[in-house]
Amino acid sequence: MSDSHARFEDWEYPEIKEGELTKYNWMVQHKDNLRLGYKTDIGAFTYLNAKYGVIIEDHVQIGSHCSIYSISTIDDKKGQVTLKRNCKIGSHSVIMPGVTVGENSVVGAFSFVDKDVADNQVVAGIPVRVLKALE
């Protein structure tokens, strides 16, 4: 088993209470609209606003201090956010409403994701742009 998967050996679904930090120090608002996959890793101080739905598929990694919004009150955008299987979101990144991050894709740290990311892509920046495709 690789090191990255070894730490998931004893993984359990976290207890999520509305608007409160989990034992891993991340928070969800509108928790009933969050669908959390198996063996996910969400970093400390990440914020999830699931008012219009957030789907996090299996084996997704989200770095610390990320913000994932299914609604933006500044520009009135709303829509489900989907993080596909095995994608990785770098720390301090922001995912905006209605965005899907594709399977196996990697979002670089400190990125602003305001549009969909295809499967098997490496993206980064403000706003994100494709850096390369993954094999």
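Computed quantities for the displayed model
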item	result
Spans of strands (runs of 3 or more DSSP E) in the stretch 26-73 with at least 3 residues within 20 Å of ARG85 (Cα to Cα)	34-36, 47-49, 54-56, 67-69
Residue satisfying all of: in the stretch 1-36; small (Gly, Ala, Ser) and farther than 21 Å from VAL94 by Cβ; modelled with the highest pLDDT among these	ALA6
Answer from SER93, SER70 - the residue that is out of contact with any Ser or Thr (no Cβ under 7 Å at 6 or more places or on another chain), modelled with pLDDT of 95 or more and surrounded by 21 or more Cβ atoms within 10 Å (Cβ to Cβ)	SER70
Residue, nearest to PHE112 (Cα to Cα), within the stretch 55-78, restricted to residues that are in contact with a Phe, Trp or Tyr (Cβ under 9 Å, 6 or more places away or on another chain) and of a type in the set (A, V, I, L, M)	ILE68
Filtered residues of the stretch 22-38 (kept if surrounded by fewer than 16 Cβ atoms within 10 Å (Cβ to Cβ) and either charged (D, E, K, R) or in contact with a Ser or Thr (Cβ under 6 Å, 6 or more places away or on another chain) (or both))	LYS23, ASP32, ARG35
Residue list for the stretch 81-135, filter: outside any strand (DSSP E or B) and of a type in the set (A, V, I, L, M)	MET96, VAL99, ALA109, ALA118, ILE126, VAL128, LEU134
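The values are calculated or read from the model by the stated rules, or taken from the named source; none is laboratory data. From a predicted model like this one, the values you see are computed outputs, not experimental measurements. As a convention, Cβ positions derive from the backbone with ideal geometry for all residues, glycine included, and neighbour counts pool all protein chains shown.
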